[in-house]
Structures are given as structure tokens and as C-alpha cells.
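Trainee: This is the structure I have questions about; it appears just below.
The values are calculated or read from the model by the stated rules, or taken from the named source; none is laboratory data. Model, not experiment: these values are computed from the prediction. Please note: Cβ atoms are built from the backbone with ideal geometry, for glycine as well, and neighbour counts cover all protein chains shown. Each accessible area value is taken on the protein alone, full model and side chains, heavy atoms only, with ligands, DNA and RNA left out. Shrake-Rupley method; radii C 1.70, N 1.55, O 1.52, S 1.80 Å.
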Amino acid sequence: MTAEEIKEKTNRIFRKVFNDDSLVIYNEMTANEVEKWDSLNHLVMITTIEEEFGIKIKLKELIAMKNVGHLLETIASKQP
């Protein structure tokens with residue numbers, strides 16, 4: 001899966017989880033920039049990403065993530 005395919009799939013997940021069809025993710029985006037991004041939706045988003053991509057994200061990886069770009073890099077690193 002290419003980086004662009006990962007980004008597109010992740011963007012669809014964000015739109016679904018945060019219930020915002022106009023949401024467009026970008027590498028520097030943080031939780032502060034998404035109105036409905038609270039702790040519960042964060043868990044839903046991570047769980048959905050894990051299920052959709054067939055991966056597991058470790059707690060230490062989650063803690064180290066500073067923005068969506070880091071999330072996308074983590075997803076890419078776990079692709080076969």
C-alpha cells in the first residue's frame with residue numbers, strides 16, 4: 001500500500017469517526033484542530049485504524065505520536 005493510499009484510507013476513517021465529511025487530514029494536524037477529537041473518539045479512531053489496516057499500535061507508539069504525520073508513518077511501517 002502506498003503512502004497516498006494509506007493517507008486516503010486514514011482520511012476516510014477520520015471522517016467516519018469524527019462525523020465530518022469535509023475533514024481533510026494533513027501531516028501537521030493535531031487533536032486540537034479537530035472539534036470532536038476527544039479521548040473517547042481518539043480510542044475509537046485508533047481501534048478503527050487497527051481493524052481497517054490489520055495492525056496493532058503499541059502504547060509507546062501512541063504516546064510518541066505528535067501529529068497525523070506520525071500516525072501515517074506508524075501505519076506505513078506496519079504494512080507488509
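Trainee: Does residue 45 satisfy being modelled with pLDDT of 95 or more and of a type in the set (A, V, I, L, M)?
Mentor: yes
Here is a yes/no grid of residues against (1) under 10 Å from the mean Cα position of the chain (by Cα); (2) surrounded by fewer than 17 Cβ atoms within 10 Å (Cβ to Cβ); (3) over 16 Å from residue 76 (Cβ atoms); (4) hydrophobic (A, V, I, L, M, F, W, C):
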| position | (1), (2), (3), (4) |
| --- | --- |
| 1 | no, yes, no, yes |
| 4 | no, yes, no, no |
| 9 | yes, yes, no, no |
| 23 | no, no, yes, yes |
| 31 | no, yes, yes, yes |
| 34 | no, no, yes, yes |
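Trainee: Are any residues in region 37-56 part of a helix (DSSP H, G or I), of a type outside the set (A, V, I, L, M) and farther than 16 Å from residue 80 by Cβ, and if so, which ones?
Mentor: Correct list: 39, 41, 42, 47, 48, 51.
Trainee: List every residue pair whose Cβ atoms lie under 7 Å apart, where the two residues are 6 or more positions apart in sequence or sit on different chains, the first residue falls within region 27-53 and is farther than 16 Å from residue 15 by Cβ, and the second residue, located anywhere, is polar (S, T, N, Q).
Mentor: 27/67; 28/67; 30/67
Trainee: Among (1) aliphatic (A, V, I, L, M); (2) surrounded by 12 or more Cβ atoms within 10 Å (Cβ to Cβ); (3) at pLDDT below 95, which single condition is residue 72 missing?
Mentor: Here residue 72 meets the rest and fails (3).
Trainee: So, in region 11-21, of the ones that are assigned to a helix (DSSP H, G or I) and open to solvent by 60 Å² or more (accessible area, probe 1.4 Å), which residue ends up nearest to residue 80 (Cα to Cα)?
Mentor: Out of the qualifying residues, it is 12.
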